[in-house]
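None of the figures in this text is laboratory data; all of them are computed from the coordinates on show. Note that the structure is a prediction, hence the values are computed from the model and not measured. In this analysis, Cβ positions are derived from the backbone assuming ideal geometry, glycine residues included, and neighbour counts consider all displayed protein chains.
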Amino acid sequence: MSSLGQYAVIGLGRFGISLARRLFEAGQEVLGIDIDEEMVEEAELFVTHAVVADATEEKALTSLGISNFDCVILAIGNDLHANILTAMLLKDLGVKKLIAKALEKRHGDLLDKIGADWIIFPERDMGERVANQLLSPNMLNYIELSKEYNIEEIMIPPKMAEKTLKELDIRAQYNVTAIALIREGDIIISPSPDEVIHKEDILVMIGKSEDLASFSNIK
Ligand code: ADP
């Protein structure tokens, strides 16, 4: 389990509550905030504390000690006015890290100007993720490092089983690099060239997304 962090999640709709719940289940300290009493009551079981407050009111945010949290997640979605106003207040109050949900690009641009550290577009990002999964069926998970480069977890193609990394010569053949190997839940970092790859192994690869896509489509 990672060390204890203190998170505040503002807006306990579908996005906010799933995020808050996951953090709480992972042992983190989570304060959930919503203007709607019913949402707060529903959230109580899934967070450390849940409070009713209007995040567009500076006084409400200061009395919760919002700037002491390691990270504040602004998950108010549909009420654009409340989202932007809260983002500005949070920046003025000097929150350490602000993650904000945006509905579309211009909204994201505005949050960027306000100084949000990470802007999330849940619908767009999930759409892209599903499309990537369809395009690369052997790809289990990925991190987008830039527009060009990804890190991906890829199930090894059957024809590569029981060969060493040296024999497979993946870097020269596919222009991607294996940075780790996942075997029965254990991780082998920087596997040696003599490591024999088994049937159920997963390779963690870094490279250009198009090269990774070719690799993960090997039959
Ligand atoms: P989702 O699509 O994730 O369900 P919504 O925009 O529907 O997102 O929900 C966001 C939540 O934010 C709602 O529960 C709403 O009550 C809450 N919310 C809206 N305005 C404020 C505010 N000013 N302060 C605190 N919470 C708010």
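Data overview
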{"quantity": "Cα centroid of the stretch 9-40 to Cα centroid of the stretch 168-213, whole Å", "calculated": "37 Å"}
{"quantity": "Among 188-196, 11-19, the order from most to least packed when residues are scored by Cβ within 10 Å on average", "calculated": "11-19, 188-196"}
{"quantity": "J(HN,Hα) series, the stretch 34-43, from Karplus relation 6.51 cos²θ - 1.76 cosθ + 1.60, nearest Hz, glycine and proline x", "calculated": "8, 6, 9, 4, 4, 4, 5, 4, 5, 7"}
{"quantity": "Solvent-free Debye scattering, log10 I(q)/I(0), computed from the Cα coordinates of the stretch 72-144 at q = 0.22, 0.24 Å⁻¹", "calculated": "-0.89, -0.99"}
{"quantity": "The chain: angle of helix 80-92 to the longest principal axis, Cα-based, in degrees nearest 10", "calculated": "90 degrees"}
{"quantity": "Residue 5 long-range amide H proximity, modeled H, under 5 Å", "calculated": "29"}
{"quantity": "Which of 121, 69, 215 has the fewest Cβ neighbours within 10 Å, and the rest in rising order", "calculated": "121, 69, 215"}
{"quantity": "Burial ordering of 21, 171, fewest other beta-carbon atoms within 10 Å first", "calculated": "171, 21"}
{"quantity": "Angle between the chain longest axis and helix 105-114 axis [Cα atoms, degrees, rounded to 10]", "calculated": "70 degrees"}
{"quantity": "Choice from 143, 119, 151 showing the highest fluctuation, given a GNM over the chain with Cα pairs closer than 10 Å", "calculated": "143"}
{"quantity": "From phi via Karplus (6.51, -1.76, 1.60), per-residue ³J(HN,Hα) for the stretch 143-158 in Hz, x at Gly/Pro", "calculated": "10, 7, 7, 7, 4, 9, 10, 10, 10, 9, 9, 10, 5, 6, x, x"}
{"quantity": "Residues 7, 149, sorted so that the one with the fewest Cβ neighbours within 10 Å comes first", "calculated": "149, 7"}
{"quantity": "Fraction of alpha-carbon pairs over 22 Å apart in the stretch 90-188 - percent", "calculated": "50 percent"}
{"quantity": "Note, ³J(HN,Hα) from phi for the stretch 57-69, Karplus 6.51, -1.76, 1.60, rounded to Hz, x at Gly and Pro", "calculated": "9, 4, 4, 4, 5, 5, 5, 8, x, 4, 6, 7, 6"}
{"quantity": "Sequence-separation-based contact order of the stretch 26-96, relative, with Cα cut under 8 Å and 6+ spacing, percent", "calculated": "26 percent"}
{"quantity": "Binned Cα-Cα distances of the chain, short to long, each 5 Å bin given as a whole percent", "calculated": "1, 7, 13, 14, 13, 11, 10, 10, 9, 6, 3, 2, 0"}
{"quantity": "Long-range HN-HN contacts of residue 163 with modeled amide H, under 5 Å", "calculated": "197"}
{"quantity": "Sorted peptide list for 95-101, 131-137, criterion being average Cβ within 10 angstrom, highest first", "calculated": "95-101, 131-137"}
